[in-house]
1. Among the candidates Ala215, Ala226, Ala203, which residue alone is of a type in the set (Gly, Ala, Ser) and farther than 25 Å from Pro131 by Cβ?
2. Take the residues in the range 93-108 that are of a type in the set (A, V, I, L, M) and more than 12 Å from Gly135 (Cα to Cα); name whichever of them is surrounded by the most Cβ atoms within 10 Å (Cβ to Cβ).
3. Among the residues of the range 228-256, count how many are modelled with pLDDT of 95 or more, assigned to a loop (DSSP other than H, G, I, E, B) and either within 16 Å of the chain's Cα centre (by Cα) or not basic (Lys, Arg) (or both).
4. Condition test on Ala151, is it over 24 Å from the mean Cα position of the chain (by Cα) and among the hydrophobic types (A, V, I, L, M, F, W, C)?
5. Looking only at the range 165-207, filter to residues that are in a helix (DSSP H, G or I) and hydrophobic (A, V, I, L, M, F, W, C); which one of those is farthest from Cys244 (Cα to Cα)?
6. Given the conditions (1) assigned to a loop (DSSP other than H, G, I, E, B); (2) touching a residue at least 12 places away in the same chain (Cβ under 8 Å), which single one is not true for Pro69?
7. Let me confirm something: among Glu111, Glu153, Glu149, which residue is crowded, with 21+ Cβ neighbours inside 10 Å, at pLDDT 95 or above and of a type in the set (Asp, Glu)?
Amino acid sequence: MNKPPLTILLAAPRGFCAGVVRAVDIVERALALYGAPVYVRHEIVHNRFVVDDLKAKGAIFVDELDEIPDASRPVVFSAHGVPKSVPAAATARHMFQIDATCPLVTKVHMEAQRHHAQGLDIILIGHRNHPEVIGTMGQLPDGAVTLIETAEEAETLAVRDPRKLSYVTQTTLSVDDTRDVIAVLQRRFPDIIGPFKEDICYATTNRQEAVKEIARRCELLLVVGAPNSSNSKRLVEVGLRAGCPRGLLVQRASDLDWSMLQGLSVVGLTAGASAPEVLVNEIADAFRAHYDVNIEKVTLRDENVSFKLPRELREAQAPA
């Protein structure tokens, strides 16, 4: 039986960013050096496949430090960053802690701390209850950071002194939405100080631009990623706004409802920054069972960013 033809527009860049690669490598390196178990506070990155793979290798994921029975075992802090209270608590318990915070998130932490030291009130543009936002707000005393999510909130924001304001942003936001929020802040508070270089990370920006490149050409955009992944959800939104009529966030090929995927001719495919390429390939293979698939790679730019592992892991030697 002949299968109908289907073109899959495979967007690039997609998938793992340098911060995610570093975080996963940190857990795997710690396991190689110190054996299992290695504890990880919260999901190292927002992807169930990645988390389950690390569990199978000996990582144990916990919500809080007091769930760790042996303080001598390594504990890794996730790529999203943590409030200062977390490493302080680990130090108080003499824990062997390893920080996997993405360096680009650490950059935002340092900006916020610098602005606070200069006597500025800080506005954080981000999503409430996201781990990265919790970590960034937790770098400073309560009340030092005001969180806003939308341009509408920026319009009604009340501040103590409009001459002593700064802003930072979550690294995984919609570039366009964030630009709108910043424009409102700059109009209302002309003296507001922003980061030296924008906080939305290169990977988030590149993946959104790649989706815009293919959006108008496809009938359906599939984004491989977790439902709690901010950057993955933003890719679906960006694709819809750029002209794609349908967008779906899926974790695995088993999530696909084939009754809703009939009669397609062009599908866009990408992945959030915490989704491994094996899941992209799995989705493409699933379509091959239903369609005669032609893969068209659409590459907006190449990425060559990498981050070093923490010094304690680079310099450590495995026990004899």
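The values are calculated or read from the model by the stated rules, or taken from the named source; none is laboratory data. Note that the coordinates shown come from a computational prediction; the quantities given were computed from them, not determined experimentally. Here the Cβ positions follow ideal geometry from the backbone for every residue, glycine too, while neighbour counts run over all protein chains shown.
1. Ala215
2. So, considering only residues that are of a type in the set (A, V, I, L, M) and more than 12 Å from Gly135 (Cα to Cα), the one surrounded by the most Cβ atoms within 10 Å (Cβ to Cβ) is Ala100.
3. Qualifying residue count for the region: 6.
4. In short, no.
5. In this case the residue turns out to be Leu185.
6. Checking Pro69 against (1) assigned to a loop (DSSP other than H, G, I, E, B); (2) touching a residue at least 12 places away in the same chain (Cβ under 8 Å), the one that fails is (2).
7. Selected residue: Glu111, the only one of Glu111, Glu153, Glu149 that is crowded, with 21+ Cβ neighbours inside 10 Å, at pLDDT 95 or above and of a type in the set (Asp, Glu).
Table: residues versus (1) β-branched (Val, Ile, Thr); (2) closer than 13 Å to Gln170 by Cβ; (3) not assigned by TED's automatic domain parsing to the domain that holds Leu33.
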{"residue": "Lys84", "(1), (2), (3)": "no, no, no"}
{"residue": "Ala92", "(1), (2), (3)": "no, no, no"}
{"residue": "Ala112", "(1), (2), (3)": "no, yes, yes"}
{"residue": "Gly119", "(1), (2), (3)": "no, no, yes"}
